[in-house]
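Report on the structure given below.
Taken together, the values in this text are just the output of simple stated rules run on the coordinates, not laboratory data. Treat the numbers as computed from the prediction; the structure is a model and nothing was measured. We place every Cβ from the backbone using ideal geometry, glycine too, and count neighbours over all the protein chains shown.
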Amino acid sequence: MTRRGLLAGTAGLAALGAGALALWPRREAFAETFPVAKSPEEWAEILTEEEFAVLREEATERAFTSPLNDEKRAGTYHCAGCATPVYESATKFDSGTGWPSFWAAIEGQVGTKTDFALVLPRTEVHCATCGGHLGHIFSDGPRPTGERHCLNGVALDFVAA
């Protein structure tokens with residue numbers, strides 16, 4: 001293969017990838033109805049900028065920045081957008097990733113969808129009440145589920161027992 005052929009092939013693959021990404025589903029394509037529904041303007045009024053970015057725009061907070069990483073007390077973690085209880089402290093574990101991690105959610109309190117934001121599919125987890133983005137679920141967690149619900153601390157409020 002010539003250098004020119006290699007460059008042309010690489011450019012073609014890059015253009016194909018960019019075109020595919022432009023057509024990839026975005027959050028708006030998953031317009032699910034939730035019991036608590038607000039306009040972006042209404043959410044912006046009640047959330048901080050960082051909460052809005054994570055919960056409503058699916059941003060990710062920087063690793064090791066959440067005080068909830070070190071939270072060890074018994075209690076419940078609630079969605080910061082609508083106060084729905086989503087995780088119990090009994091399922092929290094130290095994953096070493098820099099984000100609060102749990103091996104299970106409170107049954108019926110979260111939903112999931114496939115997220116293609118990084119091209120490869122991941123399982124996104126959101127609040128079942130308001131649809132707020134909480135984080136992602138990976139299959140490298142502890143027993144009994146083998147799941148790691150890797151969450152943005154800014155998306156959660158802790159309520160001590």
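The H on the amide N of V86, modeled in the peptide plane, is under 5 Å from the matching H of Y77, H78, C79, each at least 5 residues off or on a different chain.
Cβ under 15 Å from F93's Cβ, F93 left aside: what net charge do those residues give with Lys, Arg +1 and Asp, Glu -1? Once positives and negatives cancel, what remains is -1.
Considering only alpha-carbon pairs that sit under 8 angstrom and 6 or more positions apart, the relative contact order computed for the stretch 36-160 is 28 percent.
Under 5 Å from the amide H of V110 lie the amide H atoms of A128, each residue being 5 or more positions distant or on a separate chain, with H modelled from the backbone and absent for Pro and chain starts. Net length available on complete extension from V36 to D70 is 9.2 nm, with 0.36 nm assigned per residue and the Cα-Cα distance removed.
Label-to-label distance, L120 versus E107, with points set 7 angstrom from Cα along the beta-carbon direction: 3.3 nm.
As a rough footprinting exposure proxy, the listed residues R148, R73, R122 were ranked by other beta carbons within 10 Å of their own, and the order from fewest upward is R73, R122, R148.
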